[in-house]
1. Name the residues in segment 22-48 that are closer than 19 Å to Val180 by Cβ, within 11 Å of the ligand (Cβ to nearest atom) and either among the basic types (Lys, Arg) or open to solvent by 30 Å² or more (accessible area, probe 1.4 Å) (or both), would you?
2. Among the numbered conditions (1) in a helix (DSSP H, G or I); (2) open to solvent by 50 Å² or more (accessible area, probe 1.4 Å), tell me where Phe237 comes up short.
3. May I ask you to verify whether Asn143 is polar (S, T, N, Q) and open to solvent by less than 20 Å² (accessible area, probe 1.4 Å)?
4. Of all residues in segment 101-125, which are in a helix (DSSP H, G or I) and away from the ligand (no atom under 13 Å from the Cβ)?
5. Filter segment 49-88 down to residues that are charged (D, E, K, R), open to solvent by less than 50 Å² (accessible area, probe 1.4 Å) and in contact (Cβ under 8 Å) with a residue 24 or more places away in the chain, then give me how many there are.
6. Can we say Ala19 is open to solvent by less than 10 Å² (accessible area, probe 1.4 Å) and either within 11 Å of the ligand (Cβ to nearest atom) or part of a strand (DSSP E or B) (or both)?
7. Need pairs with beta-carbon distance below 6 Å; first residue closer than 17 Å to Gly137 by Cβ and part of a helix (DSSP H, G or I) and within segment 174-190, second within 8 Å of the ligand (Cβ to nearest atom) and open to solvent by 30 Å² or more (accessible area, probe 1.4 Å); sequence gap 6+ or separate chains.
8. Can you confirm whether segment 62-71 contains a residue that is in contact with a helix residue (DSSP H, G or I) (Cβ under 7 Å, 6 or more places away or on another chain), assigned by TED's automatic domain parsing to the domain that holds Phe223 and at pLDDT below 95?
Amino acid sequence: MTSRRAAIITGAASGIGFATAKRLAADGWPLALVDVDAARLEEKAKQIEGVDVQTYPFDLLQAERFDDVVDAVGGCDLLVNDAGIGVAASLLETSVEDWDRTIAVNVTAMFHTCKAVLPAMLDAGGGRIVNVSSIAGVVGLRNRLAYCASKHAVIGLTRAIAADYAHLGIRCNAICPGTVETEWIGKILSNAEDPDATRKQMEARQLDGRMGSPEEVASGIAFLASDEARFVNGAAFMMDGGMTAV
Ligand SMILES: NC(=O)c1ccc[n+]([C@@H]2O[C@H](COP(=O)([O-])OP(=O)(O)OC[C@H]3O[C@@H](n4cnc5c(N)ncnc54)[C@H](O)[C@@H]3O)[C@@H](O)[C@H]2O)c1
């Protein structure tokens, strides 16, 4: 595919999403950036140079707003579904409200965004979708019940899209990061009883003994989005410093 319609990135105002925006801009993609945090999205978008950048601040739970984005950019060649939320709770501690919200943001919104971009991708003869799952999409993490269920669902959604549309030129892959030093992890650490001990625990979970950087995950997303990955489809691409290797 040689055309370069926009890459749409959700969750682009922070962490992995913003690093991905910077990386894809460097790779020459015009960008449509979506995030619920309007002020931060504007601030971050200003830091990206060299390509056209459009911002769309809204909550992905408003599905029809995403349809408007796809219309506004005239269809896209690449969708990166990065926006996500987590709740620290086991089964007995998870409220129905937290369960519903986690599934709605992490899974149902992704179902909708994939569905919204697909017709224009099919019309163009193909397209790429990269869905951000997690190590929590392939193993059970303690105290992350709803998050684990949602990230497992992301991989199922990804594989089913690949199975249905690969023969029509669609590549749909998931990336599964280990612990990555973002604002999200910063909040978990600052709320911890002993932030230093919690950080050490988080670092030790990776075989590499450190957290990943948002830029490292962005490079994995850029690879899955690129022609270099033309033989990769329906994958759950582990980028976890070896955490799930043992
Ligand atoms: N940081 C990690 O260790 C890690 C590990 C594995 C997977 N992930 C996944 O990577 C993705 C990004 O994580 P991060 O650490 O960069 O998080 P982050 O909190 O730094 O960024 C997430 C962004 O998504 C946006 N967002 C959340 N809900 C939204 C909604 N309803 N509508 C629009 N925007 C919304 C937030 O405003 C935020 O800007 C998430 O899907 C997360 O589950 C993160």
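The values are calculated or read from the model by the stated rules, or taken from the named source; none is laboratory data. Predicted model, so just to flag it, every value in this text is computed and none were measured. For neighbour counting, all protein chains shown are included, and Cβ atoms are generated from backbone atoms with ideal geometry for every residue, glycine included. When the accessible area is computed, the model is the full protein with side chains, heavy atoms only, and any ligands, DNA or RNA have been set aside. Shrake-Rupley method; radii C 1.70, N 1.55, O 1.52, S 1.80 Å.
1. Asp37, Arg40, Lys44 - these are the residues of segment 22-48 that are closer than 19 Å to Val180 by Cβ, within 11 Å of the ligand (Cβ to nearest atom) and either among the basic types (Lys, Arg) or open to solvent by 30 Å² or more (accessible area, probe 1.4 Å) (or both).
2. All conditions pass for Phe237, except number (1).
3. No; evaluated as a whole, the condition is false for this residue.
4. Phe111, Cys114, Lys115, Ala116, Val117, Leu118, Pro119, Ala120, Met121, Leu122, Asp123, listed by residue number.
5. Selection size over segment 49-88: 2.
6. yes
7. Correct list of pairs: empty, since none qualify.
8. no
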